[in-house]
Amino acid sequence: MSLRVIFMGTPEFSLSSLEALHNHSAVELLLVVTRPDAPQGRGLKLVESPVKHLAENLRIPVSTPSKINDPEFVKSLQDLKPDLILTVAFGLFLGSAILKIPQSGCLNIHASILPKYRGASPIQRAIINGESETGLTVFRIVKEMDAGDILMQEKLSISADETAGELHDRLGRLASVVTQKTIDAVLSGKETYTPQAHEKATFAPKLKKEDGHINWDQEAKDVFNQIRGVTPWPGAYGSYQGARLKFHRTRVLEADQTFRAGTIIKADDAGICVGCRKGQIVIDELQMAGGRLLRAQEFLCGHNIKPGDIIQ
């Protein structure tokens, strides 16, 4: 028995699922749907999505519709007669006409343990909020965002110092396994779906650039989580004497002391210590905007940061 599948995805996070579908002996991969090429960089050169690049290398048909729910495009999907549509980090709303096409439904793999963190930034928000666990959820797509019945979940512990970028990559690798399990479940014909506890739903709105501006008027552990959660994008930053500083690797220095938010307590070879509402953050790696990423001791050789100065 084989399963006729249409895959929809765009960024790097989607790649391991696409590869898993391509390598599954029972999958007939009919089409890959991804976002149109987008302008990037200073020259605004059109760049294809990671999913399109991989699909073309694998010689899988690719479509990049400008309007996913356009009747003509929907008709082209209907003509393919897929058994399943699987989406991973696709980011576009599928209308009811598409949802009705495949016999086995439209499924999505989402990077949280639903109903927690529905929305665009579940990985980042989980770290910012200090969660110790996350994972992937496979659910049936419905009109309401990330609210469909759940087919399966795979949990993953979040390491104590893990950044959003590092967790993103680990979840991406896990998505390969989850994709294989999803296909096997659908092929079995015995898959069961569990309704979500909607009253327990939390939301993860898309991050904005200003979410990277560090609020030092928190406990040190919360500042630490904010820095991890916005790394690598939009990046953690503050202002020092009118210049933007970007923070990378940091750690918490436990202390019961309270400080004026953003005050530099110490700056030496052991790192740059910044006071928070409670406790301190030690900055181990940082850079000036436009400059190189440096260890704290290297940075201090060229910048006269001293105790009592303020990072805003």
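Within the stretch 286-312, which residues are surrounded by fewer than 17 Cβ atoms within 10 Å (Cβ to Cβ) and either touching a residue at least 40 places away in the same chain (Cβ under 8 Å) or in contact with a strand residue (DSSP E or B) (Cβ under 7 Å, 6 or more places away or on another chain) (or both)?
M288, A289, L293, R295, K306, P307, G308, D309, I310, Q312
Every residue, every condition in (1) crowded, with 16+ Cβ neighbours inside 10 Å; (2) among the polar types (S, T, N, Q); (3) under 21 Å from V32 (Cβ atoms); (4) in contact with an Asp or Glu (Cβ under 6 Å, 6 or more places away or on another chain), yes or no:
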| site | (1), (2), (3), (4) |
| --- | --- |
| S96 | no, yes, no, no |
| R118 | yes, no, no, yes |
| R125 | yes, no, no, no |
| S132 | no, yes, no, no |
| E154 | yes, no, no, no |
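In the stretch 125-136, is there at least one residue being under 25 Å from S188 (Cα atoms) and either of a type in the set (A, V, I, L, M) or not in a loop (DSSP other than H, G, I, E, B) (or both)?
Looking for residues that are under 25 Å from S188 (Cα atoms) and either of a type in the set (A, V, I, L, M) or not in a loop (DSSP other than H, G, I, E, B) (or both), one finds at least one in the stretch 125-136, hence yes.
Scanning the stretch 48-76 for residues that are basic (K, R) and part of a helix (DSSP H, G or I), which turns out farthest from F90 (Cα to Cα)?
The extreme case among them is K75.
Residue-by-condition table, conditions (1) assigned to a strand (DSSP E or B); (2) surrounded by 14 or more Cβ atoms within 10 Å (Cβ to Cβ); (3) in contact with a Lys or Arg (Cβ under 8 Å, 6 or more places away or on another chain); (4) assigned by TED's automatic domain parsing to the domain that holds F259:
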| position | (1), (2), (3), (4) |
| --- | --- |
| A175 | no, yes, no, no |
| K181 | no, yes, no, no |
| V186 | no, yes, no, no |
| T192 | no, no, no, no |
| V223 | no, yes, no, yes |
| I227 | no, yes, no, yes |
| P232 | no, no, no, yes |
| Y237 | yes, yes, yes, yes |
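List pairs: first in the stretch 36-60 and at positive phi, second at pLDDT 85 or above, Cβ under 8 Å, 6+ apart or cross-chain?
Within 8 Å, the pairs are G41/V47.
Could you pull out the residue among V252, V274, V282 that is surrounded by 17 or more Cβ atoms within 10 Å (Cβ to Cβ) and in contact with a Cys (Cβ under 6 Å, 6 or more places away or on another chain)?
V282
The values are calculated or read from the model by the stated rules, or taken from the named source; none is laboratory data. Every value quoted in this text rests on a predicted model; they were computed, and no experiment measured them. Cβ atoms come from the backbone with ideal geometry, glycine included; neighbour counts cover every protein chain shown.
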